[in-house]
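Comments concern the structure below.
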Amino acid sequence: MQKIGVLTSGGDAPGMNACIRAVVRSAVQRGLDVVGVRRGYSGLLSEEFVKLNRRAVANIIQRGGTFLESSRCEEIKTSEGRKKGVQILQREGIEGLVVIGGDGTFRGAAAIAEESQIKLIGIPATIDNDVYGTDYAIGFDTAINTALEAIDRIRDTADAFDRIFFVEVMGRLSGFIALEVGIAGGAEEIIIPERETDLEELCRTLKQSFKRGKRSSIIVVAEGNEVGHTMQIAQYVEYRLKASCRVCILGHLQRGGAPTARDRVLASKLGIAAIEGILNGKEGHVVGEKRGEVVYIPFHDVLENKKELDTDLLESTKVLAM
Ligand code: F6P
């Protein structure tokens with residue numbers, strides 16, 4: 001192999017830059033030429049390439065976002081789109097492609113790998129941390145710490161006004177952010193898409209906690225798939241309990257900012273492991289981390305399985321919120 005490409009796709013995540021840096025530097029070290037593909041699969045289809053060398057990735061380890069930029073590309077979901085992408089890669093002499101992103105990114109990569117000779121390898125980077133087979137995805141640690149800082153601040157004002165605050169965190173289909181942020185932020189309840197929420201039960205729990213002397217509460221809610229869902233929950237509770245409720249939607253704030261040390265280390269480790277993998281027969285895999293060890297998970301395993309939440313941790317809020 002002479003030349004590889006690298007791209008970031010889907011929702012950006014803090015640590016993507018640190019990961020690109022590790023991919024580029026370890027590839028150069030192994031004698032490969034590296035091409036950066038701008039704007040994910042969209043940039044591949046519109047041939048937006050930039051030559052990358054060691055210096056091109058200097059001074060980016062600390063930067064949030066992704067300097068290659070990202071996109072959610074519809075065209076790559078079609079076989080015509082992928083055919084076009086493969087032709088472009090072949091014309092450019094790009095034999096291997098490192099894709100940094102989440103499940104959507106890997107779905108595109110798995111299809112390209114199946115339909116061509118291009119060697120693809122994935123690196124999990126999504127604040128949602130919902131990639132099967134890896135304990136952590138790049139960006140998750142930064143996102144939960146950003147959300148936690150916000151919750152600590154919200155708690156001050158919730159306390160000052162004896163209010164119930166509903167803090168919405170990201171996670172359309174998964175509650176990994178909500179769970180960790182909820183536990184670390186001392187939330188009274190954690191509402192996640194994986195579990196149905198009984199609003200009457202929630203009201204009973206809040207009532208009991210007020211009886212025990214609590215004056216304010218934080219409820220962490222994963223955004224879920226329905227816009228306005230946190231607002232609806234807050235309105236219900238306000239009506240039923242005649243309590244003062246407020247909603248704070250943290251939104252994209254959680255996606256930005258400098259990556260934490262943990263995310264930079266994970267990104268560096270997985271970037272190097274991706275290059276080792278692509279040169280040693282691990283194409284068609286996602287490189288992740290399990291109990292601190294690097295693991296290679298086949299694309300089909302990642303795509304066909306759902307990462308499970310730690311339900312014991314979720315249950316522990318009942319004890320901790322007393
Ligand atoms: O990348 C994951 C994520 O941040 C989700 O948590 C969120 O639901 C979604 O992306 C938001 O996507 P967009 O930035 O395209 O609105």
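Largest mean-square fluctuation among GLU223, GLU289, GLU47, in a Gaussian network model of the chain whose springs join Cα atoms under 10 Å apart, belongs to GLU47.
Backbone geometry of the stretch 20-35 corresponds, through the Karplus equation with coefficients 6.51, -1.76 and 1.60 at θ = phi - 60°, to 3J(HN,Hα) couplings of 4, 4, 5, 4, 5, 5, 6, 5, 4, 4, 8, x, 8, 8, 10, 10 Hz, x marking Gly and Pro.
With +1 on each Lys and Arg Cβ and -1 on each Asp and Glu Cβ, and nothing else charged, work out how big the dipole of the chain is about its Cα centre, in Debye to the nearest 20.
Details: 42 positive and 45 negative charges, 181 e Å.
Magnitude of the dipole: close to 860 debye.
Surface analysis of the stretch 141-255 yields an accessible area of 50 Å² per residue, using protein heavy atoms and a 1.4 Å probe.
For the listed residue pairs LYS290/LYS318; LYS51/LYS307; LYS51/LYS282, the alpha carbons are over 32 angstrom apart in LYS51/LYS307.
With +1 on each Lys and Arg Cβ and -1 on each Asp and Glu Cβ, and nothing else charged, work out how big the dipole of the stretch 54-209 is about its Cα centre, in Debye to the nearest 20. Display every interim value, and only then the final one.
On the way: 18 positive and 27 negative charges, 191 e Å.
The dipole magnitude comes to about 920 debye.
Spin-label pair LEU313-ASP33: with each label point 7 Å from Cα along the Cα-Cβ axis, the two points sit 4.4 nm from one another.
Multiplying each eigenvalue of the alpha-carbon gyration tensor of the stretch 217-315 by 5 and taking the square root yields semi-axes of 40, 17, 13 Å, largest first, rounded to whole angstroms. Here LYS84 is the anchor, and the lysines within straight C-alpha reach of less than 18 Å, apart from those fewer than 8 places off in the same chain, are LYS119.
Taking amide H as placed 1.01 Å from N in the peptide plane, LEU97 has its amide H under 5 Å from the amide H of GLY5, LYS119, LEU120, ILE121, each at least 5 places away in sequence or on another chain. Amide hydrogen proximity for GLY64: with H placed 1.01 Å from N in the peptide plane, the residues at 5 or more positions away or on another chain lying under 5 Å are GLY257, ALA258. Using only side-chain charges placed at the Cβ, +1 for Lys and Arg and -1 for Asp and Glu, the dipole size of the stretch 165-217 relative to its Cα centre rounds to 380 debye. Considering every alpha-carbon pair of the chain, the percent of pairs per 20 Å bin, from zero through the bin containing the longest distance, is 33, 48, 18, 1. At a Förster distance of 22 Å, what's the computed FRET efficiency of LYS84 paired with ARG107, Cβ-Cβ distance as r, to 0.05? The value I calculate is 0.80. Placing a label point 7 Å from the Cα of GLN62 along the Cα-to-Cβ direction, the residues of the stretch 1-27 whose backbone N falls under 18 Å of that point are 14-22. In terms of the mean number of neighbouring beta-carbon atoms within 10 Å, the peptides 273-285, 81-93, 172-184 order highest first as 172-184, 273-285, 81-93.
The values are calculated or read from the model by the stated rules, or taken from the named source; none is laboratory data. This is a predicted model, so every value here is computed, not measured. Glycine also receives a Cβ, built like all others from the backbone with ideal geometry; neighbour counts cover every protein chain displayed. These accessible areas exclude ligands, DNA and RNA; they are computed on the full protein's heavy atoms, side chains included. Shrake-Rupley method; radii C 1.70, N 1.55, O 1.52, S 1.80 Å.
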